[in-house]
Amino acid sequence: MSVIRLLVLGAVRQHGRAHGYQIRSDLEYWGAHEWSHAKPGSIYHALKQMAKLGLLTAYDSAPSAAGGPPRTEYRVTEAGTGEYFALLRGALTAYDEKPDLLSAALGLMVDLPRAEVVDLLGRRLAAIAAWRGSVTEHYVPEEGGPAQYGHIGEIMRYWLHSADADENWTRGLIARIKAGEYVFAGEGAPFVGVLSEGEENPYATGERHPGDVD
């Protein structure tokens, strides 16, 4: 599953219409350049590739304030909206994906209704339980522990510990959502998680990229 595609579609959708440098700034604002592969080159490539695939529509806008050629702005198409929600739902449900996918989904989960997010996270708990069951079918920590397997047993202990911690965190998130935290789709004005045009990005890397003028 593509983390970059999910992040870029989500950011463009929150703006309504946005150019590449805005999307790059948003993802840096979310810290995505630290916990995912959302680097400048991959962001601009994703925008252009998704426009070719019909997930985004590209428009030539006015020249940038800094001068130079017109920037290309993007808007999510109907097909792109379908792709976005499919990726988001999958990311909230899956357990066997890298942490960056869940991180992206957490930043975008409020685009879904509250009840649906609770349901998706419940499915995630089921996936964790199923994975844990498949491991403990052959390895039971209470019966001998890692010593039975030598130091290799620490691999299984680590993964079981991670699964247990993930389960506890997911249950806590579900409880917080059920208790009314955050503003989800259909509930009113959501938290604004993107930068407005010209707003300074406090987490900007300061690096320039040829696509910055796109």
Quiz prompt | Selection count where residues are in a helix (DSSP H, G or I) and touching a Gly at 6+ places or on another chain (Cβ under 7 Å), scope the stretch 1-11 | solution = 1
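The rows are residues; the columns are (1) over 28 Å from Asp119 (Cβ atoms); (2) more than 15 Å from the chain's Cα centre (by Cα); (3) surrounded by 24 or more Cβ atoms within 10 Å (Cβ to Cβ).
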position	(1), (2), (3)
His33	yes, no, no
Lys39	yes, no, no
Thr72	yes, yes, no
Tyr84	no, no, no
Quiz item: Is it the case that some residue within the stretch 109-118 is crowded, with 20+ Cβ neighbours inside 10 Å, in a helix (DSSP H, G or I) and touching a Gly at 6+ places or on another chain (Cβ under 7 Å)?
Solution: no
Self-check item: Unmet criterion (only one of (1) hydroxyl-bearing (Ser, Thr, Tyr); (2) assigned to a loop (DSSP other than H, G, I, E, B); (3) at pLDDT 80 or above) for Tyr203
Solution: (3)
Exercise. Residues being touching a His at 6+ places or on another chain (Cβ under 7 Å), in a helix (DSSP H, G or I) and either closer than 17 Å to Glu83 by Cα or among the polar types (S, T, N, Q) (or both): count how many of those fall in the stretch 12-65.
Key: 1
Quiz item: In the stretch 78-89, is there at least one residue being modelled with pLDDT of 95 or more and closer than 23 Å to Ser162 by Cα?
Solution: yes
Quiz prompt | Qualifying residues in the stretch 90-106 (those that are surrounded by fewer than 17 Cβ atoms within 10 Å (Cβ to Cβ) and assigned to a helix (DSSP H, G or I)) - the one modelled with the lowest pLDDT | solution = Pro99
Quiz item: Is it true that Leu27 is buried (at least 21 other Cβ atoms within 10 Å of the Cβ), under 30 Å from Ile174 (Cα atoms), without any contact (Cβ under 8 Å) to a residue 24 or more places away in the chain and within 18 Å of the chain's Cα centre (by Cα)?
Solution: yes
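The values are calculated or read from the model by the stated rules, or taken from the named source; none is laboratory data. This structure is a prediction, so every number in the text was calculated from the model and none was measured. Heads up, the Cβs are rebuilt from the backbone with ideal geometry, glycines too, and the neighbour counts pull from every protein chain shown.
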